[in-house]
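> Next up is a structure, given as structure tokens.
The values are calculated or read from the model by the stated rules, or taken from the named source; none is laboratory data. Everything quoted here is computed from the prediction, not taken from an experiment. We place every Cβ from the backbone using ideal geometry, glycine too, and count neighbours over all the protein chains shown. Ligands, DNA and RNA are excluded from the accessible area calculation, which covers all protein heavy atoms including side chains. Shrake-Rupley method; radii C 1.70, N 1.55, O 1.52, S 1.80 Å.
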Amino acid sequence: MLHSGTMPLLDPIFDQVSLTNIIDIGITALLIYWLFSLIRGTRAVRLVIGVSVLVLVYGLAIFFGLRLLTQILQTGAVVGLFALVVIFQPELRRALERIGRVGSFAWLLSPAETRAVEHVAAEVARAAATLSGLGQGALMVLQRETGLEEYAETGVMIHGDVSADLLCTIFTPKSPLHDGAVIIREDRIVAAGTLLPLAETSIHTERFGTRHRAALGITEQTDAVVIVVSEENGQISLVERTRIVRNLNEPQLARAIRTLLDPAHGRRSAFVWRPGGDSAGTSGRSPRLRDLGRSKPAPPAAPEEAARPTDDDPSVSPAVQAPP
């Protein structure tokens with residue numbers, strides 16, 4: 001009785017559901033997921049939240065009949081459309097790059113990309129260990145999803161293969177390029193001697209020297225992975241999403257780089273793929289540094305030391321060791 005009474009009510013619903021509708025919903029869901037993954041880990045997330053708040057305020061203004069506020073928001077929306085194109089320029093560029101990658105079927109070549117990640121991790125870790133042993137400072141930026149072209153243009157374009165020997169040569173003391181940062185994209189050294197933005201957070205400014213502040217600054221604005229070698233104590237640090245792991249040795253650094261650059265173990269899809277480890281989860285999401293250790297809070301540096309343009313501040317508290 002219940003069956004005969006409920007089925008006629010559901011028949012109109014099932015009549016409207018077709019294979020085309022299911023495919024349409026599936027493609028739309030993938031597109032939304034792809035858009036969110038595109039901005040995940042970048043400063044665009046806060047901008048999207050701000051735009052969402054404005055849209056919510058606009059909806060409430062219409063609902064409650066606030067004509068003046070509605071007209072102001074409508075007028076601002078015209079200018080806002082052009083502003084969004086400028087603000088989200090890196091994300092739009094990265095989206096078109098992904099579409100082009102899918103169109104060229106380059107996303108099918110995951111084994112080659114995994115080998116490139118292994119090569120970059122090994123060479124960068126070897127270079128950092130060598131420079132640490134020699135007491136020479138270094139600042140190496142590994143690009144992931146967010147483009148770093150605007151920072152690369154501030155230095156000298158190299159476009160050379162990643163090798164420990166070349167990195168050690170660049171950071172040789174008194175060489176023309178040793179003071180800046182090296183930007184690495186995939187398995188190529190794009191530029192050297194580049195200028196990076198310093199960290200905006202005041203507590204970081206007091207705690208760290210110039211190199212670490214630059215590493216924190218670039219990770220505040222992008223999803224890049226940065227390796228810092230201290231010139232004062234030879235300490236190797238890894239910075240990602242404004243979090244630091246310190247006192248790394250060569251094997252730990254290589255493993256951390258592989259994990260952060262290739263969290264999907266070389267597996268990728270047409271919509272979401274992040275180049276770059278061997279201990280990430282199966283979800284393919286880029287892990288944060290919580291699995292590698294975090295730096296502990298440190299007391300502010302002395303005024304005379306905080307003002308010194310060195311790569312590390314000796315007043316920083318002992319770092320957290322990364323797990324073996």
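> Starting from 0.36 nm per residue, how many nanometres of slack lie between Leu35 and Leu54 once their C-alpha separation is accounted for?
The span from Leu35 to Leu54 would gain 4.9 nm if fully extended.
> Moving on to the next point. Charges at C-beta only: +1 for Lys and Arg, -1 for Asp and Glu. How large is the resulting dipole of the stretch 141-181 about its Cα centre, in Debye rounded to 20? Don't skip to the end; give the middle numbers.
Values: 2 positive and 7 negative charges, 40 e Å.
Around 200 debye, computed over the stretch 141-181.
> Another question, if that's okay. Set the Förster radius R0 to 25 Å, insert the Cβ-Cβ distance between Gln71 and Leu92 as r into 1/(1 + (r/R0)^6), and round the FRET efficiency to 0.05. Before the final figure, lay out the partial values.
Details: r = 29 Å, r/R0 = 1.17.
Working from the Cβ atoms, E equals 0.30.
> Let me see the P(r) profile for the stretch 122-229: every Cα-Cα distance counted, bins of 5 Å, each bin given as a percent of all pairs.
2, 14, 25, 26, 20, 10, 3, 0
> Accessible area per residue, 1.4 Å probe, Å², for the stretch 205-254: what's the number?
Values: 1260 Å² over 50 residues.
For the stretch 205-254, the per-residue accessible area is 25 Å².
> Moving on. What accessible area, in Å² to the nearest ten, does a 1.4 Å probe give for Asp24?
Asp24 exposes around 90 Å² with every protein chain in place.
> Per-residue accessible area for Tyr151 at 1.4 Å probe radius, Å² rounded to 10?
That residue has around 30 Å² of solvent-accessible surface.
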